[in-house]
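*Asks:* Structure incoming, see below.
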Amino acid sequence: FKFSYLLIRYPYLFKTLKKLKTYKKNITRHNSEAALKIQDSQKVLRPKVLLMVLNFFKAKRVLENIADLYKQQGEFELEIVVGDNSCNAEQAQILQGLKSYPGLKLKIFKKNWGYIKAHNLMAQNTDADYVFTVNPDILLKDPQTLQKMLDYMQANPDCGVVAPKQVDDDGSITMSVR
């Protein structure tokens with residue numbers, strides 16, 4: 001399957017990888033914060049979202065993408081990481097413009113790690129409740145998109161992944177799963 005953007009419940013990843021014990025240890029480490037965030041129903045009061053964008057020769061579009069992502073509104077905390085797999089000085093230079101965004105982490109890779117490995121590197125050391133991966137060509141025009149996705153995930157604790165409908169610039173619906 002190929003998705004242009006999707007939201008993943010972070011503990012879902014650990015269950016899938018049979019690392020639930022690691023997750024539980026992680027929660028224990030964050031004692032007081034985790035106790036406030038997680039209730040019996042698995043609803044997170046103010047979820048933290050790791051939002052990742054991986055560039056591969058689309059740096060100018062990434063700038064637009066990030067500008068849109070910073071317009072998202074809702075009851076969540078964002079951690080944004082942009083990775084660059086281009087291994088190209090010009091692409092890296094364009095992405096330096098992202099340093100003006102507060103809290104954004106920019107990772108310029110010296111080697112093309114591929115899609116999955118690069119995302120794993122970008123997700124290292126996060127304590128996020130959800131992971132939101134967005135391809136560089138996606139623009140979120142509705143400032144409530146992420147909140148709507150989080151609301152759905154919160155209301156459906158058995159749901160591990162949400163991949164919303166994608167609409168092209170001309171208004172047509174794109175088949176985003178291949």
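The values are calculated or read from the model by the stated rules, or taken from the named source; none is laboratory data. Owing to the predicted nature of the structure, the values given are computational and were not obtained by experimental measurement. Ideal geometry is used to build each Cβ from the backbone, glycine not excepted, and the neighbour counts take in all protein chains shown. Quick note on the areas: whole protein, heavy atoms, side chains included, nothing else; ligands and nucleic acids left out. Shrake-Rupley method; radii C 1.70, N 1.55, O 1.52, S 1.80 Å.
*Asks:* Listed here are the pairs K107/K141; K58/K99; K71/K110; K111/K165; K99/K165; which of them are more than 22 Å apart at the Cα?
*Replies:* Beyond 22 Å between Cα atoms: K107/K141; K71/K110; K111/K165; K99/K165.
*Asks:* Also, I was wondering about something else. Between Q144 and N156, what is the label-point separation in nm under the 7 Å Cα-to-beta-carbon projection?
*Replies:* 1.8
*Asks:* Relative to the present Cα-Cα distance, how much length would full extension add between K165 and E77 at 0.36 nm per residue of separation?
*Replies:* Residue separation times 0.36 nm, minus the Cα-Cα distance, leaves 29.3 nm.
*Asks:* Ok, one more. Share of region 86-153's accessible area from carbon and sulfur, percent, 1.4 Å?
*Replies:* Ligands and nucleic acids excluded, carbon and sulfur reach 52 percent.
*Asks:* Please work out how much length the chain gains when fully extended from K105 to N125, using 0.36 nm per residue of separation minus the C-alpha to C-alpha distance, in nm with one decimal.
*Replies:* 6.0 nm
*Asks:* Which whole-number percent of Cα pairs in region 57-174 have a distance greater than 21 Å?
*Replies:* Tail fraction, whole percent: 43.
*Asks:* Now, a different point. Below 8 Å between Cα atoms, with a sequence gap of 6+, how large is the relative contact order for region 98-178 in percent?
*Replies:* Here the relative contact order equals 11 percent.
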